[in-house]
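Data block below; observations after.
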Amino acid sequence: MKFILYILIALILYSCDSNNDFAVSSGSPTVTNISKNITFPTDTLIIYGKNFPLNNDSAAIIFNDSVVFKKNDCLFWRANSIGIIIDERILSGYFYLIFGKDTSELFNITVLPYPPFETTTINPGSFKMGSTTGFEDELPVRNIYITKKIEVSKTEITQRLYEFIAKSNPSPIKDNSLPVFNVDWLDAIIFCNRLSEKDGLKAAYSINDNIVIFDTTANGWRLPTEAEWEYLARAGSQTDVPANIYSSAWFNENSGGIPKIGKQKLPNSFGLYDMLGNVCEWCWDLYADYNPIDTINPIQNFGSHRIHRGGCFLDSKSFIRFSSRQSQNNLVGIRLVRNK
């Protein structure tokens, strides 16, 4: 009998605790804070406060006086917190909550057009492209001159961003934080154009069925050329592999046979992560022998298959090199660049 009494007392005390997510104390509903002031579609936003009514089905969150989230639209609705998934209807501006006759104060919020990614700007420069110790298709070694300033994504594009823009995710191992892979080259091109449109940039590609024309002067997002990729990967390195490949790259000896979330290994001197290993990265160029006299912003527009670079989490050390060239691996993702 005493045991039952103790339980009843504990339940009463618990239900009266103002910190309890499901206990509404007396007073008007009040919003006190939000989990972040800058968010993006597919992100989770949590609204904190007190006295949120649990039995008022007309309670709602109003964004910019137009987008309405009712209780049933939310991830959760508790006495002191409400969780929602930001969707594409929500634009930067403000929101407030309505609880019957009560209205909260306005909260300003910035909504980015898509899940963000970090970039850095790389200045023009020159480097020796190719290798005398690799495979035959890496010859001849020649001086290459990159004359354009390039903005480049610090990491490989995530599944979250790719799926938001492309409305699909070809990756066989799915996780929003992992790099997207198993991407078809043409789908990567379409992704670049759609992202450029989101940013109000001039598309780098014109697409007519399977024919793609590359506008090298456009400021939109695009794939790097093969020469640009090696320039970005080497980041001034005169050797064909990093000083410590295990601290720089995921490959068959340390990946456990699965891709990894970006930025877990050391960046190169340009501040770029996973240029080697993790997932391969598409380039614009077609696979063919190097043209030894094409040395200023070279582009290979004729060949058999599209080039991808960098090697992947299943590759051996022999492919985890700056000069290694591949053209028929399925584990290929995207690193974005654009002209500055």
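The values are calculated or read from the model by the stated rules, or taken from the named source; none is laboratory data. Please read all numbers here as calculations on a predicted model, not as lab measurements. Using ideal geometry, Cβ is built from the backbone for each residue, glycine included, and neighbour counts are taken over all protein chains shown. Heads up: the accessible areas ignore ligands, DNA and RNA and are worked out on the full protein's heavy atoms, side chains in. Shrake-Rupley method; radii C 1.70, N 1.55, O 1.52, S 1.80 Å.
Figures for the structure shown
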{"item": "R0 of 30 Å, Cβ-Cβ distance Val67-Lys149: FRET efficiency to nearest 0.05", "result": "0.15"}
{"item": "Rounded to 5, percent antiparallel among DSSP beta bridges of the chain", "result": "90 percent"}
{"item": "Student exercise, the range 60-216 dipole from Lys, Arg, Asp, Glu Cβ charges, in Debye to nearest 20", "result": "380 debye"}
{"item": "Distance in nm between pseudo-label sites at Asn244 and Ser316 (7 Å out along the Cβ direction from Cα)", "result": "2.5 nm"}
{"item": "Accessible surface of the range 100-193 [probe 1.4 Å, protein heavy atoms]: carbon and sulfur percent", "result": "48 percent"}
{"item": "Euclidean distance between Cα centres, the range 100-168 to the range 31-85, Å", "result": "32 Å"}
{"item": "Helix-derived mean residue ellipticity, 222 nm - over the chain, DSSP H n ≥ 4, -39500 (n - 2.57), to 500", "result": "-4000 deg cm²/dmol"}
{"item": "Sequence of Phe117, Phe313 from largest to smallest accessible area, 1.4 Å probe", "result": "Phe117, Phe313"}
{"item": "Projected area averaged over orientations for the chain, convex hull of C-alpha atoms, nm²", "result": "23.0 nm²"}
{"item": "Cβ-based charge dipole, the chain, positive-most Cα from Asn55, Ile211, Ser171", "result": "Asn55"}
{"item": "Cβ-derived FRET efficiency at R0 41 Å, Leu139 paired with Lys198, nearest 0.05", "result": "0.50"}
{"item": "The range 68-135: relative contact order in percent, alpha carbon pairs under 8 Å with at least 6 residues between", "result": "18 percent"}
{"item": "Kirkwood-based Rg to Rh ratio, the range 172-261, C-alpha trace", "result": "1.04"}
{"item": "Size of charge dipole - the chain - debye, nearest 20, with Cβ of Lys, Arg +1 and Asp, Glu -1, no other charges", "result": "660 debye"}
{"item": "Solvent-accessible ranking of Lys148, Lys340, Lys101, largest area first, probe 1.4 Å", "result": "Lys101, Lys340, Lys148"}
